[in-house]
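Trainee: One structure is given below, represented as structure tokens, and several questions about it will come after.
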Amino acid sequence: MILSVSWKNVWRNKTRSLVVITAVTIGIISGVLIMGIMQGWVEQRMHDAIYNEVSHLQIHNREFTDNEELLLTVIRPEETISALETLPETASFVQRTKVTAMAATPWAATGLFVYGIDPDKEKSVSEIFKKIVPGAGEYPGVNSSGTILISDKTAEILKLKHYIITSGLYERLSGKPVPAAIMQKLDSLRDVRFRSPKEFKEALKNRLSKKELDKYGKIIADSALDYRIRSRVQITFTDTAGDPVQATFRVCGIYKTTNTGYDQISAFVNINELAALCGTDKPLIHEIAIMLHNIDDAGNVRQKLSSVEPGNIVNTWKDLAPDAALVNDFMIMYYFMIIGIIMFALAFGIINTMMMAILERTRELGMLMAIGMNRKKIFGMIMLETTFLTGVGAVTGIIAGWIIVSILGRTGIHFSAWGEGFEAIGYAAVVYPYITTDFFLFVILMVIATAILSSIWPARKALKLNPVETLRTE
């Protein structure tokens, strides 16, 4: 009976109840969407950090992490490799040479970490081979000699990322929403080569209005982009004898990840070619990168490998990518903060609604007490009304939020206008919202807690009513 009466009481004033339900629904949708975006970014950052940058574990000479000298190689790598091959948690691993070098072209120079890799084996621990920019060369092969893989950012710094408007550009844009009148304004730029995005953007600014530039600038720039594949890049570093070494490589391809900072300093060449340049018969092993079957085993595997050679240090992905680890570890705190703030704000609206309902039903509540309904049932009725009122909005909000996040999880949310800033700190400009089942369970618990806490004050107000005095109320 209490359940039935409580449900009917919720709908006695439909307008007021619907206002509260709508507020709860919008609040839950907002919370789900915000957390979905945050969770999507965290998942993306973790994935990219592990599969593009640091893997699950890395092994170095203990002194190499402080002073990246060429001779500070992994101590007794054979024993470490034997241990890795016997561990059931190991999925794959690779050995790398890491050299600090200066890269130069006739137009610019920059500092780089040049990694010596086995291209085929590298695919088992890294997804860099999936990040080759379309139309910008290819991933190096085992038999390709004298080639180097650099990033989009490095290509820009070394002036190997050019922009040029050609006759072919007009044909490529014919099927895109760029009016012929816009292209006619660019006739004066035909066959002019721009060596940086800034120079090309300035040229477009001088010929297009701000509205035209905002609408068509990115399409024109993407179509005019021309990477100087097969260009020569001179690498300079110090060999094992301390003598300067210079070598010329040709760019075989351009890659681009979501972390501009990593891209800017990382280039890849064949490990055997780099060994010859270093003055050794076999590759210098500065780094062993390891992938596991289960990321949760990283701490356990580190303990096992640390005992193989005390002179080496074993770091997990959390040590190597602390930014991704920190955000991931604090997700539960973000849940409490975001949903807690939303629920706290909604609680005032719920309390206000229930207080108004009690004031309007003062005579009715007094009559119920007079005919024998005890205070415990009155308290339970008010609490159930509050729970129903909040629950309807919460269920609607959760379902609507789940649908919205599912759709956006497939299409993605584009933050292209701020893409450069996001990629500077390792986050993609396109985020795919993602929500776990645990989050929805957390929201349900928070809604129940909010409903119970919000019902206490109105219920206590009802319990303080004097039946005799309330019956005299008009």
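The values are calculated or read from the model by the stated rules, or taken from the named source; none is laboratory data. It should be emphasised that the depicted structure is a prediction, and the values quoted were computed from it without experimental measurement. When we count neighbours, we look across all protein chains shown, and the Cβ atoms used for this are built from the backbone with ideal geometry, even at glycine. All accessible areas refer to the heavy atoms of the entire protein, side chains included, with ligands and DNA or RNA removed. Shrake-Rupley method; radii C 1.70, N 1.55, O 1.52, S 1.80 Å.
Trainee: Take the alpha carbon atoms of region 59-88, find their center, do the same for region 140-189, and report the distance between the two centers in whole angstrom.
Mentor: Their Cα centres are 41 Å away from one another.
Trainee: If region 228-283 were replaced by its equivalent ellipsoid, with semi-axes equal to the square roots of 5 times the Cα gyration tensor eigenvalues, what would those be, largest first, whole Å?
Mentor: 24, 13, 11
Trainee: Starting from the Kirkwood radius over alpha-carbon pairs of region 1-102, derive D by Stokes-Einstein at 25 °C in a medium of 0.890 mPa s and give it in µm² s⁻¹.
Mentor: Translational diffusion coefficient: 123 µm²/s.
Trainee: Of all the accessible heavy-atom surface of the chain, with the other protein chains kept in place and a 1.4 Å probe, what percent is carbon and sulfur?
Mentor: Answer for the chain is 59 percent, counting heavy atoms of protein chains only.
Trainee: Using only Cα atoms and rounding to the nearest 10 degrees, what angle (0 to 90) does helix 210-224 make with the longest principal axis of the chain?
Mentor: Between the helix axis and the principal axis of the chain, the angle is about 40 degrees.
Trainee: Ok, one more. Longest segment of the chain with no chymotrypsin sites (Phe, Trp or Tyr not before Pro) in a DSSP loop having at most 13 other Cβ atoms within 10 Å?
Mentor: 108-329
Trainee: Averaging over every viewing direction, what projected area does the convex hull of the Cα atoms of region 275-338 cover, in nm²?
Mentor: Quarter of the Cα hull surface area: 7.0 nm².
Trainee: Along the three principal axes, how long is the chain when you take its alpha carbons, biggest first, rounded to the nearest angstrom?
Mentor: Largest to smallest, the principal-axis extents are 102, 70, 29 Å.
Trainee: Based on the Cα atoms of region 105-168, what semi-axes does the equivalent ellipsoid have, where each is the square root of 5 times one gyration tensor eigenvalue, given in whole Å with the largest first?
Mentor: Over the Cα atoms of region 105-168, the ellipsoid semi-axes are 24, 16, 11 Å.
Trainee: So, for the chain, what is the accessible surface per residue at a probe of 1.4 Å, expressed in square angstrom?
Mentor: Value returned for the chain: 49 Å² of accessible area per residue.
Trainee: Also: Using the alpha-carbon atoms, what tilt in degrees (0 to 90, nearest 10) does helix 375-411 show relative to the longest principal axis of the chain?
Mentor: For 375-411 against the chain, the angle is about 30 degrees.
Trainee: Using just the C-alpha positions of region 122-264 as equal point scatterers, what log10 of I(q)/I(0) does the Debye formula give at each q in 0.10 1/Å?
Mentor: Taken in order of the listed q values, log10 I(q)/I(0) reads -0.44.
Trainee: Could you list the square roots of 5 times each eigenvalue of the Cα gyration tensor of region 188-344, that is, the equivalent ellipsoid semi-axes, sorted largest first and rounded to whole Å?
Mentor: Three semi-axes, in Å: 40, 35, 11.
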